[in-house]
Every structure is written in C-alpha cells, then in structure tokens.
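Accompanying notes for the structure given below.
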Amino acid sequence: MAEKSKYFVVKQKAVPEVLLKVVEAKRLLDSSKVMTVQEATEQVGISRSSFYKYKDDIFPFHDNSRGKSITFVLQMDDEPGLLSDVLKTVAEFKGNILTIHQTIPINGVASLTLTVDLLPTTGDVSAMIEQIEGQAGIHYLKILAKE
C-alpha cells in the first residue's frame, strides 16, 4: 500500500538551507533568468542531485494556496478596532472570509478563528499572515488547516 503524504507548514527559519536554495533555483527557472537546471543550481550553490531530490517536495506556501482555503487561530487583545484591522488586512490581500468566530475575552485576550477563501486574485498569503501576526495586540497566530 502506498504511503500517504503528510504536509507540514513551517516558518522559513526552520527550513534547511538546501531546501531554500531548491526553491530559489525553481524560481530562477520559472522566471526564465536561466535556461538550464545546471545554471540554476550553480547560481544558488547546490548540486543538481539535491535539486532533483527535493524539487517536487518543497514550494513557497503561497504558490499552492490560491483557489483553496486556510483556517487559522490567533490570540489578540480585547481592544476596539483590532478585529477590524485583522479583517482589513485580509481584505487588502483580496481574501474572502468564509467563517469567523471570536471567543469572549478572558483576562483581556480573545481567540479568533478565521477561515479565508484564497481566490486566484488573492495576494501573497505568507505576506498576509506575516502582516496580521505583526499587528500590535496580536499575541499568537497558528495555521490550523489548509485545503
């Protein structure tokens, strides 16, 4: 029986350098800045065998996210306008909010679960999440699911 694939979402700082270089080599090939795998791997400093070993197993998060949905949970301060700022960020990236659930604040902190439909017009999802995570009053953000 074939082994079922498992997927993980990790932050860039946790990814080994060779995998990041594979992503960069793929970007170079896609952008037509180089014509061959040999040229791309030489530019980023990895072997062709490393490229071929990992090329089908790593991709930037936003590349495969469009046309799907993402659910994440965050903890945020109970401050007027903070939820509105989070929703505004989603709107700026042209994400479509499917579900939203906010708990009653306890000790001045509420949990928010948000499911966002990622349309073909949605911008860089990684940048959207990073922008939300960086807003004042946001304590924690975790991706729960990606479909």
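The values are calculated or read from the model by the stated rules, or taken from the named source; none is laboratory data. Remember, predicted model here, so these are calculated numbers, not experimental data. All Cβ positions, glycine included, derive from the backbone under ideal geometry; neighbour counts span all protein chains shown. Heads up: the accessible areas ignore ligands, DNA and RNA and are worked out on the full protein's heavy atoms, side chains in. Shrake-Rupley method; radii C 1.70, N 1.55, O 1.52, S 1.80 Å.
Where a Cα-Cα gap under 14 Å defines reach, which aspartates and glutamates qualify for Lys68, not counting those fewer than 8 residues away within the same chain?
Cα-Cα hits under 14 Å: Asp117, Asp124, Glu147.
Which whole-number percent gives the relative contact order of the chain, counting Cα pairs below 8 Å spaced six or more residues apart?
Working: 199 pairs, mean separation 37.6, N = 147.
Worked out over the chain, it gives 26 percent.
Just to confirm the number: angle between the C-alpha axis of helix 82-92 and the first principal axis of the chain, 0 to 90 degrees, nearest 10?
Helix 82-92 and the main axis of the chain meet at about 40 degrees.
Positive end of the dipole of the chain, charges at C-beta (+1 Lys, Arg; -1 Asp, Glu), about the Cα centre: which of Leu74, Leu19, Gln135 has its Cα farthest in that direction?
The Cα lying farthest towards the positive end belongs to Leu19.
Just to check, using Stokes-Einstein with a Kirkwood Rh over alpha carbon pairs, what's the diffusion coefficient of the chain at 20 °C and 1.002 mPa s in µm²/s?
Translational diffusion coefficient: 124 µm²/s.
Suppose every K and R has +1 on its Cβ and every D and E has -1 on its Cβ; what is the size of the dipole of the chain about the Cα centre, in Debye to the nearest 20?
Roughly 520 debye for the chain.
Averaged per residue, what accessible area in Å² does the chain show with a 1.4 Å probe, protein chains only?
66
Where does the chain land at 222 nm, in deg cm²/dmol rounded to the nearest 500, when only DSSP H runs of n ≥ 4 count, each adding -39500 (n - 2.57), divided by all residues?
When only DSSP H runs of four or more count, the value is -9500 deg cm²/dmol.
With a cut-off of 15 Å, note down the residues of the range 121-147 whose backbone N falls inside the zone around a label point 7 Å from the Cα of Thr71 toward its beta carbon.
Inside the label zone: 142-147.
Quote to one decimal, in nm, the extra length available between Lys33 and Ile58 on full extension: 0.36 nm per residue of separation minus the C-alpha distance between them.
7.0 nm
Can you find, among Val10, Thr36, Pro120, the residue sitting farthest towards the positive end of the charge dipole of the chain, where Lys and Arg contribute +1 and Asp and Glu -1 at Cβ?
Thr36
What's the FRET efficiency of Ser49 with Ala145 using the Cβ-Cβ distance as r and R₀ = 41 Å, to the nearest 0.05?
My answer for the efficiency is 0.75.
What is the Cα coordinate range of the range 25-101 on the first, second and third principal axes, sorted by size from largest, in whole angstrom?
Ordered largest first, the range 25-101 gives principal extents of 54, 22, 21 Å.
If I fit a long axis through the Cα atoms of helix 17-30 and take the longest principal axis of the Cα atoms of the chain, what angle between them do I get, 0 to 90°, rounded to 10?
Taking Cα atoms only, the helix is inclined about 80 degrees.
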